[in-house]
Every structure is written in C-alpha cells, then in structure tokens.
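Beneath this line is the structure, given in structure tokens, with notes to follow.
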Amino acid sequence: MIELEGVPELIDPIMVAAFEGWNDAGDAASSAVAHLEQEWKGEVFAALDAEDYYDFQVNRPTVFVEDGARKITWPTTRLSVVRITGERPRDLVLVRGIEPSMRWRSFCNELLGFAHELGVEMVVVLGALLGDTPHTRPVPVSGVTSDPDLARTMDLEESKYEGPTGIVGILQEACTHAGVPAVSLWAAVPHYVSQPPNPKAALALLNRLEDLLDLRVPLGELVEDARAWQLGVDQLAAEDSEVAEYVQSLEEARDTAELPEASGEAIAREFERYLRRREPGTGPGGGPGTAGGPGGPGGFGRETGLGSDRARSARPGRAEEPKPREGNGKDEKDGKPGEETPGPEAGGPGSSGAEGTRPDSAEPESAGSESGGPESAGSESAGPGSDGPETAGPESGTAGSDAAESSGEGAKRRPDEDGPGGD
C-alpha cells in the first residue's frame, strides 16, 4: 500500500499526466503540464524511483551547483497536487516525467496505485505527434478514449488505432482495465518545425483541457509565446520559397477538407467557453483576466492561427438619424442601426485551436471563424481551421432618410397625398 504524508483530502481530483519522449512532439504535452504546475504552484508530494524504470545511458542524470555544492538530478516522474478555487473547487494531480525505458506495466500500476489512494475520478493523458498540418492554422487536438460510454457522454473519439504505441497509450489501457475513466488528448505538431519548444501546441492542449474539465486555466505568458513562435516560423518560411509553397499547399488542403465541419454545435461550444472566461477566474488568486490574458482587453488567449492568418474584426458603423419631414406635423421614426451580435468562432470536435470573441469594447466586434478538428489516436488529421470571412455591421441609415433630406419636397406635399410626386 502507498502511504501519502502531507497530502490533504482532495476534492473531486482529476489526474493530468504528460511524459517527455516519443509521445511529446515539440515538448508540447510536458510543457502544458509544466505550465499548470507553475501557474497553480504545484507541490510535489511523490516521485517514482528512477532506478526501477530508467536507463541512465538513454536519460542521463544532470549535475548542477547550488550554494557551492554539486548536486545531481535524476530522471524520474514526479507527482504534484494543485487546488483550483472558485465556485466549484476541485483538485488536480499533475504527473510529469519521462517515458520509462523499462517495466512499463509496473510503471503504470504504480501510478494507478497513487490514483486509487487519492480517489482520482478520471485520468487525462496529454500527448503530441508530428503531422501534416500548417503552422499558420489552429493546432488540431483530438480527444480519444477506449471507453465507448465515455466517448459518447464526453463527445470524444473511440480509439481504433492499431500500431506502435508509447507510454500514453499503455497508461490509458491500464486505466481502462482498472476501471478508471481515462482520456488522452493529442495535439498535431507541424513536422517541418518539430524542434521544441512549441508553445502554440501546448496552448492548444490547455484549451482542450479547459473544455474537457470545464475549468479555466491561467495562460500567463503562453499566448505571447505562441504568437512569437508563429511569427518566427513565418519569417523562416518566407526566406525559403519551397517551404513557403509547401506551407501554402498544406493550408489549401486543410481549408478544403475542414470547412464543412464548422457546425452550430462548435459555435455554441466556443460561445460557452467565452462566457466562462468572462466569469471570475478560478485557481489560486483567480479573478478576471488581466490585459493580454484571458478575459482581459488583450484577448481571451484561445489558441488560433496566430499572426498572418488571423481574421480581423470590423467595427460596425453608426447610421445617421433621418431628419423629420417638414410640413406634415409628424416625425418619422428614428432609423436605428442593426445590432450585431459577437459570434464565437467555430471549432470542430476536439479542437482546442479556436479564439473566442472579445466584447470588451463599447461596440461589438465580430471575429473570423477558425476551428480545429479531430485527430485519430496515434495519427494526425486536420480539423476545420479555415479562416472565416470578415463581417461588418450595417453602416447605412433607415429607408426614407434620403427623402427626408431632399430639398423642398416635404414642404410641398399635402398630408392627404400618398406616394411620391403627389403635387
């Protein structure tokens, strides 16, 4: 039996895990969990014995100097806990480490032992794979489970993948056999920019995790990091005509394949996400987002096609009020400009790659539609990521304002005359 000291009784705990290695393209998954630890001040309460699971010639220990003394950090997997405050407080058990070199079944059983002792209700494993996806579009993120009932209730894909797998697939199957609900979230990373880090893919995984668990994650500087990453890749691609042409072909293929999947359900989900971000924040010190962060004037921090392919909103114009007619003793009804409702952007099933609208100005702004679609387990597929059209509010006055402004006609017309030209 595992004995835990210093760990309080947890509230509706969910385990979120990620492992460096084969299932962590661009370090996206491990970076996402590291971000949660940093933003929510995770407290490490346990670590697996590195001797049992790691080949130190593959994953070498590191030496560092602290206060004049040399110390060694051994590769391992650590568990920490964070509490999310708010109207519905709950706890997350964060698991971050390296894919083990050996004894995978024992490795998974040990993690399941911690999950049992902590009363974990569900396990979510994050992963990232290389795929034929353009860096200019939202990162496709798919949610996969081996449980048909869970797939149906949580709008996930039921895993049908066959082929080589990593520790993410093994842990998910171990959870299923142990009767613990388990989900894996997979982000598709462009194969031509596979070098870590990839903050845009990490942001997409966090967005999808928000939707899955119905919570709000403080994004900190991750949004700006993702934007800077894309701008850097844009510049590199612009310097090589062959790469630029290849990216364009990926964009065209993605847009053509995914446009039909922009559905009303996806729009409704994005609008619910936007409303959630308008509410007071959750987590330690939670509150409304600050400028540049979620809920703040700088944007909501949804993962989108940041940069050149980001649709720009148009501010609706104001119509002039028509002048009253002369000589008929009555005023026409004031013409009012049509009101425009800010529409959330569409996202395909399983996508974390969409940005909500920003009604943080006096007048509503409409946002272009960007969406991400599902990806099969162990493979990468594109989701709806095409940029939507720009929309603008009505900019003309009501009918009849021109007649009211024409010279002299209103004064010459008698009250009992109908229609134009009744002199």
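The values are calculated or read from the model by the stated rules, or taken from the named source; none is laboratory data. The shown structure was predicted, so the numbers you read here are calculated from the model rather than taken from an experiment. Neighbour counts run over all protein chains shown; Cβ positions are idealised from the backbone, glycine included. With ligands, DNA and RNA removed, areas are computed over all heavy atoms of the protein, side chains included. Shrake-Rupley method; radii C 1.70, N 1.55, O 1.52, S 1.80 Å.
Values computed for the structure shown
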read-out: Residues satisfying the stated conditions in segment 29-49, i.e. touching a Pro at 6+ places or on another chain (Cβ under 8 Å) and either open to solvent by 20 Å² or more (accessible area, probe 1.4 Å) or at pLDDT 95 or above (or both); value: SER31, GLU39, LYS41
read-out: In segment 222-259, the residues that are open to solvent by less than 80 Å² (accessible area, probe 1.4 Å), under 18 Å from VAL139 (Cβ atoms) and of a type in the set (D, E, K, R); value: ASP225, ARG227, ASP234, GLU251, ARG254, ASP255, GLU258
read-out: Some residue of segment 118-137 being of a type outside the set (S, T, N, Q), farther than 20 Å from VAL7 by Cα and assigned to a helix (DSSP H, G or I); value: no
read-out: Scope segment 196-208; condition over 8 Å from the mean Cα position of the chain (by Cα) and buried (at least 21 other Cβ atoms within 10 Å of the Cβ); matching residues; value: ASN198, PRO199, LYS200, ALA201, ALA202
read-out: Every pair of residues 6+ apart whose Cβ atoms lie under 9 Å, when the first sits in segment 155-169 and is aromatic (Phe, Trp, Tyr) while the second is open to solvent by less than 70 Å² (accessible area, probe 1.4 Å); value: TYR161/VAL144; TYR161/GLY169; TYR161/SER376; TYR161/ALA377; TYR161/GLY378; TYR161/SER379
read-out: All positions within segment 57-77 that are open to solvent by less than 90 Å² (accessible area, probe 1.4 Å) and over 21 Å from VAL95 (Cβ atoms); value: VAL63, PHE64, GLU66, GLY68, ALA69, LYS71
read-out: Search result, residues across segment 72-96 that are among the small types (Gly, Ala, Ser) and out of contact with any Asp or Glu (no Cβ under 7 Å at 6 or more places or on another chain); value: GLY86
read-out: Selected residue (only one of PRO218, PRO164, PRO148, PRO196 is under 16 Å from MET122 (Cβ atoms) and at pLDDT below 95); value: PRO148
read-out: Residue check for THR133: at pLDDT below 95 and of a type outside the set (Lys, Arg); value: yes
read-out: Cross-chain or 6+ apart pairs with Cβ under 8 Å, segment 129-145 first and farther than 27 Å from LEU171 by Cα, then among the polar types (S, T, N, Q) and in a loop (DSSP other than H, G, I, E, B); value: THR136/SER308; ARG137/SER386; PRO138/THR304; PRO138/SER351; PRO138/SER352; PRO138/SER371
read-out: Residue within segment 155-166 that is open to solvent by less than 10 Å² (accessible area, probe 1.4 Å) and either on the phi > 0 side of the Ramachandran plot or touching a strand residue (DSSP E or B) at 6+ places or on another chain (Cβ under 8 Å) (or both) present; value: yes
read-out: Candidates GLU110, GLU157, GLU87, filtered to the one that is at pLDDT below 95 and more than 21 Å from the chain's Cα centre (by Cα); value: GLU87
read-out: Residues being within 22 Å of LEU215 (Cβ to Cβ) and touching a Gly at 6+ places or on another chain (Cβ under 8 Å) - total across segment 41-77; value: 1
read-out: Qualifying positions in segment 183-193 - of a type outside the set (Phe, Trp, Tyr) and either within 12 Å of GLU157 (Cα to Cα) or under 15 Å from the mean Cα position of the chain (by Cα) (or both); value: VAL183, SER184, LEU185, ALA187, ALA188, VAL189
